[in-house]
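Encoded as structure tokens, the structure appears first; notes follow it.
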Amino acid sequence: GGSSAVQTDLLRARMRLCLQEHLWEFYREKVNIPVEEQATARRAALDICAELRVFLHAKLPDMPLREMYLSGSLYDDLQVVTADHAQLMVPMILEKNLWSPVPGEDTIMNVPGFWLVRRENLEYFPRGSSYWDRCMVGGYLSPKSVLEVFDKLVAGSINWPAIGSVLDYVIRPVVPSETLTLEVQYETDRRLYVDFLPLLVMEDGGSLIAKPHRLAAERHENLWRQSFRVAETARLRALDQEDGGCRCTCLKLAKAVCKLNAALQRLNASQLTNAILLLSETEGDWTQEVLADRFLQLLRSLVGHLEAGRLPCSLNPKVNLFCELLEPEVDELGYTLYCALSDPQGLLRT
Ligand code: GDP
């Protein structure tokens with residue numbers, strides 16, 4: 001009857017309140033990184049970036065690059081748990097008349113969100129006309145080959161022990177690493193991983209990064225990955241600013257949960273950000289008081305996207321952000337999140 005319905009409502013309300021309290025406690029104790037720790041990590045990254053700039057200018061003055069810069073969650077106040085990684089962006093300059101980007105959906109691979117970069121006008125401007133021709137494979141600019149060039153330099157010819165001792169860090173290239181990564185030990189118990197990330201800026205402002213497609217390596221070897229990170233992060237932040245919402249908090253909670261639970265480590269910041277952006281299209285209330293509801297809704301929507309095998313990128317719905325997951329991974333993620341729906345606090349006990 002009516003009274004038992006009221007009791008169920010009350011019980012549900014109390015459970016929500018309880019989850020809400022646990023989420024905030026988890027946020028304060030685990031997710032949030034002390035300001036001082038963030039500052040020290042940023043300093044270490046900046047020191048390395050400065051060294052690399054000097055080295056590259058001196059050693060390869062004719063390599064067509066724009067100034068390198070640091071980026072990633074550490075700089076957007078979206079890093080969680082420990083301040084332990086950053087990306088060093090290396091923008092490459094390509095001659096507009098010699099190289100043209102081809103969207104993945106227009107190629108036989110048919111993968112939206114990935115691009116080929118084709119060498120043009122070889123008959124008038126033969127091989128060698130562009131500095132980056134050395135990284136051309138089968139008529140296309142190969143991100144793998146670009147990474148190899150930097151790998152030889154950064155891992156092979158820089159005296160990191162010497163630089164490290166000057167800066168008072170222990171620096172070593174991580175081997176093997178799919179992207180080029182430096183490990184910087186900047187305090188006895190603190191490590192920072194800096195990914196070296198070459199990128200191309202297209203004429204429409206979009207950017208392509210040299211981060212290989214995870215699957216079918218051979219076939220996809222020449223593909224550049226389109227990055228939506230700047231735009232999607234800005235969008236999330238702007239929405240929160242408009243209504244004082246808790247989307248970024250919700251994102252950080254989800255990121256921490258995925259970082260701390262082995263079964264969820266395959267979910268990345270971009271997938272979580274887009275799931276929240278998609279949820280924001282139908283859900284208008286993101287006030288701090290409904291954090292627990294939105295967090296649960298996020299988990300539920302992820303289960304739905306996993307079941308469908310598809311998470312559309314909110315900035316380009318043709319892009320499936322789950323396209324690099326293997327079937328058993330999709331199953332494990334879906335199962336773990338589905339179980340978490342009935343015991344969300346279990347996710348916080350790590
Ligand atoms: P977090 O690593 O989970 O804290 O999330 P971030 O938001 O810092 O994302 C970093 C990841 O996004 C790395 O794996 C990068 O390779 C990838 N990524 C894609 N595009 C970009 C970009 O434009 N900048 C940075 N910093 N990372 C990008």
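Applying the condition of being modelled with pLDDT of 90 or more and among the polar types (S, T, N, Q) to region 171-220 and asking which residue is farthest from the ligand (Cβ to nearest atom) yields GLN185.
Remark: LEU278 matches the filter, which requires a residue to be buried (at least 18 other Cβ atoms within 10 Å of the Cβ), modelled with pLDDT of 95 or more and in contact with a Pro (Cβ under 8 Å, 6 or more places away or on another chain). Scanning region 284-328 for residues that are touching a helix residue (DSSP H, G or I) at 6+ places or on another chain (Cβ under 7 Å), without any contact (Cβ under 8 Å) to a residue 40 or more places away in the chain and more than 28 Å from GLY206 (Cβ to Cβ) gives GLN297, VAL303, GLU307.
Restricting to region 1-31, what's the tally of residues that are of a type in the set (D, E, K, R) and under 30 Å from ASP77 (Cα atoms)? Steps first, answer last, please.
Restricting attention to region 1-31, the residues satisfying the condition of being of a type in the set (D, E, K, R) are 9, 12, 14, 16, 21, 25, 28-30.
Now drop any that are not under 30 Å from ASP77 (Cα atoms), which leaves 16, 21, 25, 28-30.
Adding up the residues that qualify gives 6.
Of all the residues in region 258-275, those that are without any contact (Cβ under 8 Å) to a residue 24 or more places away in the chain and either outside any helix (DSSP H, G or I) or open to solvent by 20 Å² or more (accessible area, probe 1.4 Å) (or both) number 3. So, ALA238, is that one among the aliphatic types (A, V, I, L, M) and under 17 Å from the mean Cα position of the chain (by Cα) or not? Criteria not met by ALA238. Please determine whether any residue of region 304-316 is open to solvent by 40 Å² or more (accessible area, probe 1.4 Å), touching a Pro at 6+ places or on another chain (Cβ under 6 Å) and closer than 25 Å to GLN226 by Cα. Looking through region 304-316, none of the residues is open to solvent by 40 Å² or more (accessible area, probe 1.4 Å), touching a Pro at 6+ places or on another chain (Cβ under 6 Å) and closer than 25 Å to GLN226 by Cα. Tallying residues that are part of a loop (DSSP other than H, G, I, E, B) and either open to solvent by 70 Å² or more (accessible area, probe 1.4 Å) or not hydrophobic (A, V, I, L, M, F, W, C) (or both) within region 184-220 yields 13. Here the strands (runs of 3 or more DSSP E) wholly within region 66-110 that include at least 3 residues being more than 15 Å from the ligand (Cβ to nearest atom) and either over 18 Å from GLY206 (Cα atoms) or free of Cβ contacts under 8 Å to residues at least 40 places away in the same chain (or both) are 99-103.
Remark: pairs (first residue in region 221-249, within 11 Å of the ligand (Cβ to nearest atom); second residue among the hydrophobic types (A, V, I, L, M, F, W, C) and open to solvent by 60 Å² or more (accessible area, probe 1.4 Å); Cβ separation under 9 Å; 6+ apart in sequence or on different chains) = PHE228/LEU315; ALA231/LEU315; GLU232/LEU315.
Go through region 112-131 and give me each residue that's within 14 Å of TRP224 (Cβ to Cβ) and open to solvent by less than 20 Å² (accessible area, probe 1.4 Å).
Listed by number, the residues that qualify are GLY113, PHE114, LEU116, VAL117, ARG119.
From the set of residues in region 162-177 that are assigned to a helix (DSSP H, G or I) and of a type outside the set (S, T, N, Q), which is most open to solvent (accessible area, probe 1.4 Å)? Spell out how you get there, then give the answer.
Narrowing region 162-177 to residues assigned to a helix (DSSP H, G or I): 162-167.
Then drop every residue that is not of a type outside the set (S, T, N, Q), which leaves 162-164, 166-167.
Details: ALA162: 42, ILE163: 30, GLY164: 1, VAL166: 119, LEU167: 41 Å².
Ranking the candidates gives VAL166 first.
The set of residues in region 89-111 that are touching a Pro at 6+ places or on another chain (Cβ under 7 Å) and buried (at least 18 other Cβ atoms within 10 Å of the Cβ) comprises VAL90, MET92, GLY104. Within region 290-326, being assigned to a strand (DSSP E or B) and among the charged types (D, E, K, R) holds for one residue alone: LYS318.
The values are calculated or read from the model by the stated rules, or taken from the named source; none is laboratory data. Bear in mind the structure is a predicted one, so any value in this text is a computation, not a measurement. No Cβ is skipped: glycine too gets one built from the backbone with ideal geometry, and neighbour counts run over all protein chains shown. With ligands, DNA and RNA removed, areas are computed over all heavy atoms of the protein, side chains included. Shrake-Rupley method; radii C 1.70, N 1.55, O 1.52, S 1.80 Å.
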